[in-house]
Amino acid sequence: MSVEQLLQTIAGYLNGNDIFTVNTLGMYWDGFVNTVQLVFISLLIGLALAVPLAIGRGSPLKLVSKSIWLYTYIFRGTPLLIQLYLAYYGFAFVPGIQDSWLWFFVQDPLYPALFAFTLNTAAYTTEIFHGAIKSTAKGEIEAARAFGMSKAMMMRRIILPSAFRRALPAYGNEVIFMLHASAIASVVTIMDLTGAAYYVYSRFYAPFPAFIFVAFIYMALSFSIQGFFRHLEKRLLVHLKPNNR
Amino acid sequence: MKKTIHILSAVLACTTLLPQAASAREGENVRIAVDVPYTPFEYRTADGKLTGFEIELGDALCAEAKLKCSWVEQSWDGIIPGLLARKYDAILSSMSITPEREKQVLFSEPYYLTPSIWVARKDSAIDIDDKASLKGLTVGVQRGDIRDNYLSEFYADTLTIRRYATAEDVATDFEAGRLDLAMMDYPVALETLNFLSPDSPYQQVGPGIREPERIFGKGAAVAFRKRDKELAEKFNQALETVKQDGTYDRLMKKYFDYDIKI
């Protein structure tokens, strides 16, 4: 089926609805794509950053552990909205930045938003993983030592795999929180789901349909994420289930 | 000639007054609601006196229609419900005529319509009339207001439209260099970008835009309850007179250095 045919079918279903036209639904769709893209990329980079940071957070070197602690302290201690404002409006007024190569990234609202979201989620994820690493059972570590494993090997084979499993439920929460927190992206002109809802609201003065529709989309997204993590937990945490013999 | 118009309008006012005089409102005060401040339309002077273009215009209209009027302050959110609940009898507070509002209230003839304008940097060479040359430029606009509708309809394929929560945010990003153009209501642009001052980096490009009426509206008008047709008619006649006898132009020149007459 071609795009035009699809649009015509949708237009038929809409049946002359004033607010939900093919035009505004297209806006919601663009918003959906932007939200998913923004959240997915920042979570992915945030996760990649969080693993080494979580290991470093427990490092015996005070300089390393304390500076990582300071980073998570700052990013968890301030509202994401403030971080987003700083990334978007703050950087743009650094003298000389408009003439440098960095301007390409600062100019577009997407990159400052990605920057703020990534650092924020990385800070939370670091603390989640750090907690999980710290709570590794002593027996597992002693057993690994008894096998003569090096520290790196112990980390790779024993501590991290079990820590990830224990961190999974908390991390699933963080992913959902991130999705919900991304609703503030519209304040820096990104047309995310909330931005699209806001546009429809202010154009038709119809807050209820505009926001209830977008709430359902967010809910569907949240439930899909929840389902995904439940599936993962079922597979990976099978050894923690009570034994019904 | 002018005198005959005066006499005529006075006679007209009398004839419309007669049936009114018989009704319940005889000698009653007409209470007019206004949302303060909205400079320069309505604001308070340092000593607390209510003044502004619409205040003076309203007083002139009441004097012309020989009505006793008083001002009631009311915040914008509840201004139409308050009218319907008889807390006051009219709204004279830059209320634009829209189909949604027309369902609830009765509007007089419009008395002003500010133009919407394009603003660009002084050092940019933007030719706003050459639509093809605008391709790839970025324009900032307040989200969901009529200029957003205008841009979305006519410039969606040409310009990148960035939508902001407030006009101040547009100004900030304009200053940060993220925007090539901004589209704003004239008085708002004047307030936030101050583009008329000689050391401002911005300037208006192209003429003021008021068309199509479907988007930019018919202008601001006085709102009444639907049943108060006689009162609305009195205001319409008074408006016609002050527009012609120079009172309106005098007030407009006092408060604005651009044309808002319609």
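The values are calculated or read from the model by the stated rules, or taken from the named source; none is laboratory data. Note that the structure is predicted; figures quoted are calculated from it, not measured. Ideal geometry is used to build each Cβ from the backbone, glycine not excepted, and the neighbour counts take in all protein chains shown. Note: accessible area is taken over every heavy atom of the protein model, side chains too, but ligands, DNA and RNA are not part of it. Shrake-Rupley method; radii C 1.70, N 1.55, O 1.52, S 1.80 Å.
If each of residue B:98 and residue A:219 carries a label point 7 Å out from its Cα toward its Cβ, how far apart are those two points in nm?
About 2.8 nm separates the two model spin labels.
Given Cα positions, please report Rg to Rh for the stretch A:79-214, the hydrodynamic radius being the Kirkwood one.
Using only Cα positions, Rg/Rh for the stretch A:79-214 is 1.18.
With the dipole of the stretch A:20-237 worked out from charges on the C-beta (+1 for Lys and Arg, -1 for Asp and Glu) around the Cα centre, which of A:50, A:38, A:120 lies farthest toward the positive end?
Working it through, the farthest residue towards the positive pole turns out to be A:50.
Select from the stretch A:143-190 those chymotrypsin sites (Phe, Trp or Tyr not before Pro) which occupy a DSSP coil region and have at most 13 other Cβ atoms within 10 Å, ordered by residue number.
Taking the stretch A:143-190 and a limit of 13 other Cβ atoms within 10 Å, the loop chymotrypsin sites (Phe, Trp or Tyr not before Pro) found are A:147.
Calculate the translational D of the stretch A:153-194 in whole µm² s⁻¹ from Stokes-Einstein, where the hydrodynamic radius comes from the Kirkwood formula applied to all Cα pairs, the temperature is 4 °C and the viscosity 1.567 mPa s.
Stokes-Einstein gives a translational diffusion coefficient of 103 µm²/s.
Relative contact order of chain B: what whole-number percent is it, with Cα pairs under 8 angstrom and at least 6 residues apart?
Numbers: 409 pairs, mean separation 70.1, N = 262.
Result for chain B is 27 percent.
Which distance in nm do the two modelled labels at residue A:99 and residue A:9 give, with both placed 7 Å along the Cα-to-Cβ direction?
5.6
Accessible area of residue A:51, 1.4 Å probe, to the nearest 10 Å²?
40
Extent of chain B along each principal axis, from alpha carbon coordinates, in Å, largest to smallest?
Reported extents, whole Å, longest axis first: 65, 42, 39.
Please state, rounded to one decimal and in Å, the Kirkwood hydrodynamic radius that the stretch B:133-262 gives when every pair of distinct Cα atoms enters the mean of 1/r.
Over the stretch B:133-262, the inverse of the mean reciprocal pair distance is 17.2 Å.
Let's test this: bin the Cα-Cα distances of the stretch B:84-198 at 10 Å from zero up to the farthest pair and state each bin's percent.
12, 38, 28, 16, 6, 1
Taking every Cα atom in the stretch B:42-105, find the radius of gyration and the maximum pairwise distance Dmax, and write them in Å.
Over the stretch B:42-105's Cα set, Rg and Dmax evaluate to 12.9, 39 Å.
Determine the order of B:248, B:43, A:205 by accessible area, beginning with the largest, at a probe radius of 1.4 Å.
Working: B:248 0, B:43 60, A:205 155 Å².
Ranked list, largest accessible area first: A:205, B:43, B:248.
Provide the net charge surrounding residue A:89, with neighbours chosen by a C-beta distance below 13 Å and charges set as Lys +1, Arg +1, Asp -1, Glu -1.
-3
Estimate the FRET efficiency between residue A:206 and residue B:132 by the formula 1/(1 + (r/R0)^6), using the beta-carbon distance for r and 30 Å for R0, to the nearest 0.05.
In this case the efficiency is close to 0.25.
Per residue, how big is the convex hull of chain A when only Cα atoms are used? Give it in Å³.
Given the Cα convex hull of chain A, per-residue volume reads 213 Å³.
Per residue, how many Å² of accessible area does the protein assembly as shown show with a 1.4 Å probe? Before the final figure, lay out the partial values.
Values: 27030 Å² over 507 residues.
With the other protein chains kept in place, the protein assembly as shown gives 53 Å² per residue.
Using the basic label-point model (7 angstrom from Cα toward the beta carbon), what is the residue A:73 to residue A:233 distance in nanometres?
If labels sit at residue A:73 and residue A:233, their model points lie 3.2 nm apart.
DSSP loop (so not H, G, I, E, B), at most 12 other Cβ within 10 Å: list which trypsin sites (Lys or Arg not before Pro) in the stretch B:68-121 pass both filters. Each step should come with its number before you reach the end.
Numbers: sites: B:68, B:86, B:87, B:101, B:103, B:121; in loops: B:68, B:86, B:87, B:103.
For trypsin sites (Lys or Arg not before Pro) across the stretch B:68-121 that sit outside H, G, I, E and B with at most 12 neighbouring Cβ atoms in 10 Å, the list reads B:68, B:86, B:103.
Please list the equivalent ellipsoid semi-axes of the protein assembly as shown, computed as the square roots of five times the alpha-carbon gyration tensor eigenvalues, in descending order and whole angstrom.
They are 60, 26, 22 Å, listed from largest to smallest.
Report, to two decimal places, the Cα Rg of the stretch A:68-134 normalised by 2.2 N^0.38 Å (N = number of residues).
For the stretch A:68-134, the normalised Cα radius of gyration is 1.29.
In whole Å, how far is the Cα centre of the stretch A:154-176 from that of the stretch A:11-31?
42
Enumerate the calculated ³J(HN,Hα) couplings along the stretch B:113-126 in order (Karplus 6.51 cos²θ - 1.76 cosθ + 1.60, θ = phi - 60°), each rounded to whole Hz, writing x wherever the residue is Gly or Pro.
These are the phi-based 3J(HN,Hα) values: 8, 7, x, 9, 9, 8, 10, 9, 5, 5, 7, 8, 10, 8 Hz.
Rounded to the nearest 100 Å², what's the accessible area chains B and A bury against each other, both chains counted, probe 1.4 Å? Present the calculation step by step, with values, prior to reporting the outcome.
Values: alone 13410 and 15230 Å², together 27030 Å².
The contact between A and B buries close to 1600 Å².
Roughly speaking, what is the centre-to-centre gap between the stretch A:189-245 and the stretch B:209-262 when only Cα atoms are used, to the nearest Å?
For the stretch A:189-245 versus the stretch B:209-262, the Cα centre distance is 49 Å.
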